[in-house]
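The values are calculated or read from the model by the stated rules, or taken from the named source; none is laboratory data. Being a predicted model, the structure only gives us computed values, none of them experimental. So basically every Cβ, Gly included, is an ideal-geometry build from the backbone, and we count neighbours across all protein chains shown.
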Amino acid sequence: METITSSEKVDIRYESELVYHFRQQLTADPDLRWSIPHELSVGERLPWVELKLDDHQLRFKPVYSRKPSLPELESLLADWHEPLPPLLVSPELVPKVLDFCRDKRLAAIALNGQIYLRSAGVLIDRQPLPGRDFRFELEPRNIFVGKSARIIRTLLTDRDRIWTQSELGKRTLASSGLVSRIVQHLISQGLLEKQSPRQFRLREPFELIDAWVKADDLSRRTIVARYTIFESDPLALARKLTSWAESHSVKIAFTQWVAAWLRHPYTEPVISSAYVSRLPSAADLEELGLRRVTDAGKVWLFVPDDERGFFRETKTVNELPLISDAQIYLDLQGTGLRGPEQAEALRNWEGFCRP
């Protein structure tokens, strides 16, 4: 009998591997007595499995999924007409999937030994067993940094659009492998939903934005410089900065107060802030009439860590280039000067994250 030791990690890449290891797990379960049809070949799908527990004999029909998503499970339950109840079989059960199974009383088992099973007079809720580590693929460490963030930002440019992985790859310049991993991760978290085998759309755009806010650290992803100037009108300052950027081949896109006000006016802007591909030189500062300061200031300029990504998703309003709505909302968090109020007004606007 094959066993998994604590030092082994097994990646499940094909359904046949999932079927094989599931069968091995049932015959070696240390706590539960499972029965399976013995006439089947080793790699054949099991038409049923039976659990014997005291006076109970419970039969299920296994349903295999290497990376279950909430929409997939909702569809499974809605379309289920088999005489036996389903038993979800997966390499691992992520928290959202496990919560769904508990809520819907969907029996589920993972290759790491974790089990949730609820039936008349029976409740089994076992944690993963030690020494077992099965995964379909490694989850992205942080989907809100680098090229991964490009994918998130692009998805949020149009929360109603139906996308393909190919379209995301072309717009973000990310590899097909990275796009696929991020898309599958978002589907598994219930944030994206499939419209067809190759098409998907945002299912929970606001939940995705909230997760981005929690993970974001502006100081780590940008270099920031603040400046003072005699000019007091933030919009006039924005136009002055735009003219300078155009004449010096500097990429620029406004964010925070000015950008939010131009998208959906709520609070009067007090600071002109923008992403730029480079900070002004000494000669530029003299030309613009700017003086650098360590705090406050009327002009805030950010140099992003991923220049190509930040400037790929912009729009022009009143002849001023703006960063995406989701990025504006993100950048207004924790700013003061009524920035969070403007952020919420922008978020509650029906045009938020729409072209």
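Data overview
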| quantity | calculated |
| --- | --- |
| Matching residues, the range 234-261, being within 19 Å of S281 (Cα to Cα), of a type in the set (S, T, Y) and in contact (Cβ under 8 Å) with a residue 60 or more places away in the chain | T242 |
| Some residue of the range 197-206 being out of contact with any strand residue (DSSP E or B) (no Cβ under 9 Å at 6 or more places or on another chain), farther than 21 Å from W257 by Cβ and buried (at least 17 other Cβ atoms within 10 Å of the Cβ) | yes |
| From the options L77, L88, residue that is closer than 23 Å to R45 by Cβ, exposed (fewer than 15 other Cβ atoms within 10 Å of the Cβ), of a type in the set (A, V, I, L, M) and at pLDDT 90 or above | L77 |
| Residues of the range 315-344 that turn out to be surrounded by 17 or more Cβ atoms within 10 Å (Cβ to Cβ) and either at pLDDT below 95 or not assigned by TED's automatic domain parsing to the domain that holds V299 (or both), as a count | 2 |
| Helices (runs of 4 or more DSSP H) contained entirely in the range 197-306, each with at least 3 residues that are not charged (D, E, K, R) | 205-215, 234-247, 256-263, 282-288 |
| Exclusive hit being at pLDDT 95 or above, over 18 Å from I328 (Cα atoms), in the same structural domain as D295 (by TED's automatic domain parsing) and in contact with a Phe, Trp or Tyr (Cβ under 9 Å, 6 or more places away or on another chain), set V250, V276 | V250 |
| Filter result (within 16 Å of F144 (Cβ to Cβ) and either free of Cβ contacts under 8 Å to residues at least 40 places away in the same chain or part of a loop (DSSP other than H, G, I, E, B) (or both)) within the range 313-333 | E313, S324, Q333 |
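Rundown of residues vs (1) among the hydrophobic types (A, V, I, L, M, F, W, C); (2) surrounded by fewer than 17 Cβ atoms within 10 Å (Cβ to Cβ); (3) touching a helix residue (DSSP H, G or I) at 6+ places or on another chain (Cβ under 8 Å), yes/no style:
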{"site": "I143", "(1), (2), (3)": "yes, no, yes"}
{"site": "T172", "(1), (2), (3)": "no, no, yes"}
{"site": "G177", "(1), (2), (3)": "no, yes, no"}
{"site": "K214", "(1), (2), (3)": "no, yes, no"}
{"site": "L218", "(1), (2), (3)": "yes, yes, yes"}
{"site": "R226", "(1), (2), (3)": "no, no, no"}
